[in-house]
Every structure is written in C-alpha cells, then in structure tokens.
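S.K.: Got a structure for you, questions after.
The values are calculated or read from the model by the stated rules, or taken from the named source; none is laboratory data. Just so you know, these numbers come straight off a predicted model, no measurement behind them. Virtual Cβ from ideal backbone geometry, glycine too; neighbours counted across all protein chains shown. Accessible surface areas use protein heavy atoms only, side chains included; no ligands, DNA or RNA. Shrake-Rupley method; radii C 1.70, N 1.55, O 1.52, S 1.80 Å.
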Amino acid sequence: MRTETYEVLPSGLAEQVAALEAQAWPGSSPGHDPALAPRAVLLLDAGGRVAACLALLHKPVRLADGRTYRAAGLSGVVTRADVRGRGYGGRLVAAARALLAADPGVDLALFSCDRELVPFYEAAGFEVLPGTVLVGGTPADPLATDAPGLDKTVLGAFPARAADDEGRADRVRAAFTGIRVPLYPGTIDRLW
C-alpha cells in the first residue's frame, strides 16, 4: 500500500474515486468545489487500485473577533468495501493529518463527522472540539452541524511545527472551541 496526493486526479483514479463515493453516498455528485483547493489523498494497493480515498479542502475562516485562519478539512473519506476492516481508512486519515500538520499554509484542520465515527478520527490524532458547531452551506442557505437530525461532532487538529508554535496551536484551539464557526464552503461541499 502507498499513499499519494493529487491536485488533479488522473482519469483512471478519478473514475475509481467517483465509484467509491457513489457507493458510499448514492445520488451525490462526485468532486469538490474548485474554490476550496481540493487535494485528493489516496491509498493505493499493490495493483494501483484505490483502496481508500479522501479529499482535503481549504478555506480561510474569519471569526467574529476579526481574525482569519487558514482552515483545511477532510471530506469524502471512504474505503473500498472489499478491504474494509484492515485499518486502511485509519492509515489514510493519519497520513492526511500528517500532510496538514506539515503544510505551512494551514493553521488548523477542522471537520465534522457522524458521532459514531469519532473514535476512528481520534485514533488518527484528531480531537473533539466541545461545543463547536460548523455552519456550512452559504450565508443565505446555512447548514449547521447541530441542525435537527444531523447528529454531527466537530473535530480538529492544531499543528505545532516547531517548539515555539506550541503556544500558537493552543491559542488556535481555544479560538475554535465552543463557538459557531462560519465555514460556508458553498453549495457543493456544504459541510466538511
């Protein structure tokens, strides 16, 4: 197994990712909003087939206090049905977290997931942000993670790339804990 990252997927891999996403989320459209600078992260088996995939989406987020942070989020995390239960999804999510931690253009990783998936993401190094709500969609048509029937939990990671960054990571964590985050990624990727 090997992990690869793409800004633009080659057609054969793009077809495999679209098929995996269609199995996981029937009726959804493949792909992500180009305005979110999507990067595909794939775990490929020895034959070059996609075993697991996800997208990293990027967006500046301006909080009510006027500060803007460079956020990235995980989206479309899926593992091929015939290889589930082997730890490939966890391996892929941990690799994505490491990519985000090493990216100087990312202040934090932030996304939501179904409550039952929280232990999976925590095992890869993400942490629950108590009381945090992501407000997705658009300002005119918002979708919040605390909307009735969604049952979502918000998770994050706060990279400290050097010893002196640790205090900054703690400040970013504090800024994003217990608040409503105006994510607004648009109509295609309504929530990460």
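S.K.: What distance in nm separates the simple spin-label points at Ala147 and Val128, each placed 7 Å from Cα in the Cβ direction?
M.R.: It works out to 2.3 nm between the two label points.
S.K.: What does the charge count around Pro30 come to, taking other residues whose C-beta lies under 13 Å from its C-beta (Lys +1, Arg +1, Asp -1, Glu -1)?
M.R.: Values: positive: none; negative: Glu15, Glu21, Asp33, Asp189.
Within the 13 Å Cβ shell, the charges total -4.
S.K.: Under DSSP H, which helices of the chain have Cα atoms covering 15 Å or more of the helix axis and a Kyte-Doolittle average no less than 0.0? Please list the in-between numbers first.
M.R.: Working: long enough: 11-24 (20 Å, 0.40); 88-102 (21 Å, 1.02).
Helices passing the filter in the chain: 11-24, 88-102.
S.K.: Sort Leu20, Leu9 by heavy-atom solvent-accessible area, probe 1.4 angstrom, most to least. List each step's numbers first, then the result.
M.R.: On the way: Leu20 10, Leu9 45 Å².
Accessible-area ranking of Leu20, Leu9, largest first: Leu9, Leu20.
S.K.: Along Cα→Cβ, 7 Å out, is where each label goes; now give me the distance between the ones at Val118 and Asp33 in nm to one decimal.
M.R.: Each label point lies 7 Å from its Cα, and together they span 2.7 nm.
S.K.: Ok, one more. In segment 88-164, what percent of the accessible surface is made up of carbon and sulfur (1.4 Å probe, ligands and nucleic acids excluded)? Provide the component values of the computation, followed by the final result.
M.R.: Details: 1930 of 3350 Å².
That share works out to 58 percent.
S.K.: Still on this structure: Using Cα pairs closer than 8 Å and at least 6 residues apart in sequence, work out the relative contact order for the chain, in percent.
M.R.: Details: 364 pairs, mean separation 36.3, N = 192.
Relative contact order here is 19 percent.
S.K.: So, one more: For a label point 7 Å from the Cα of Glu166 along Cα→C-beta, name the residues of segment 118-132 whose backbone N is under 20 Å from it.
M.R.: The answer is 125-127.
S.K.: Calculate the radius of gyration of the Cα atoms of the chain to one decimal place, then report Dmax, the largest Cα-Cα distance, as a whole number, both in Å.
M.R.: 16.1, 50
S.K.: Got the relative contact order for segment 80-153 handy, in percent, Cα pairs under 8 Å and 6 or more residues apart?
M.R.: Value for segment 80-153: 29 percent.
S.K.: Based on alpha-carbon centroids, what's the gap between segment 62-119 and segment 1-26 in Å, whole number please?
M.R.: So the two Cα centres are separated by 16 Å.
S.K.: Select from segment 1-59 those GluC sites (Glu not before Pro) which occupy a DSSP coil region and have at most 16 other Cβ atoms within 10 Å, ordered by residue number. Numbers along the way, then the final one.
M.R.: Details: sites: Glu4, Glu7, Glu15, Glu21; in loops: Glu7.
Taking segment 1-59 and a limit of 16 other Cβ atoms within 10 Å, the loop GluC sites (Glu not before Pro) found are Glu7.
S.K.: Given a Förster distance of 22 angstrom, what is the FRET efficiency for Trp25 paired with Thr187, based on the Cβ-Cβ distance and rounded to 0.05?
M.R.: Working: r = 16 Å, r/R0 = 0.72.
Using R0 = 22 Å, I get an efficiency of 0.90.
S.K.: Another one. What 222 nm value per residue comes from the helices of the chain, counting each DSSP H run with n ≥ 4 as -39,500 (n - 2.57) and dividing by all residues, nearest 500 deg cm²/dmol? Can you show the working numbers first?
M.R.: Values: 4 runs with 45 residues, N = 192.
Computed mean residue ellipticity for the chain: -7000 deg cm²/dmol.
S.K.: How charged is the neighbourhood of Glu21? Take every other residue with its Cβ under 14 Å from the Cβ of Glu21, and add Lys/Arg as +1 and Asp/Glu as -1. Kindly include the intermediate steps, with their values, before the conclusion.
M.R.: On the way: positive: Arg80; negative: Glu15, Asp189.
Net of charged neighbours comes to -1.
S.K.: Provide the per residue accessible area, probe 1.4 Å, for segment 123-192, rounded to a whole number of square angstrom.
M.R.: Values: 3310 Å² over 70 residues.
I get 47 Å² per residue for this part.
S.K.: Additional query: So which GluC sites (Glu not before Pro) in segment 91-192 pass both tests, a DSSP loop state and at most 12 other Cβ atoms within 10 Å of the Cβ?
M.R.: Details: sites: Glu116, Glu122, Glu127, Glu166; in loops: none.
When the GluC sites (Glu not before Pro) of segment 91-192 are filtered for loop state and at most 12 Cβ neighbours within 10 Å, nothing remains.
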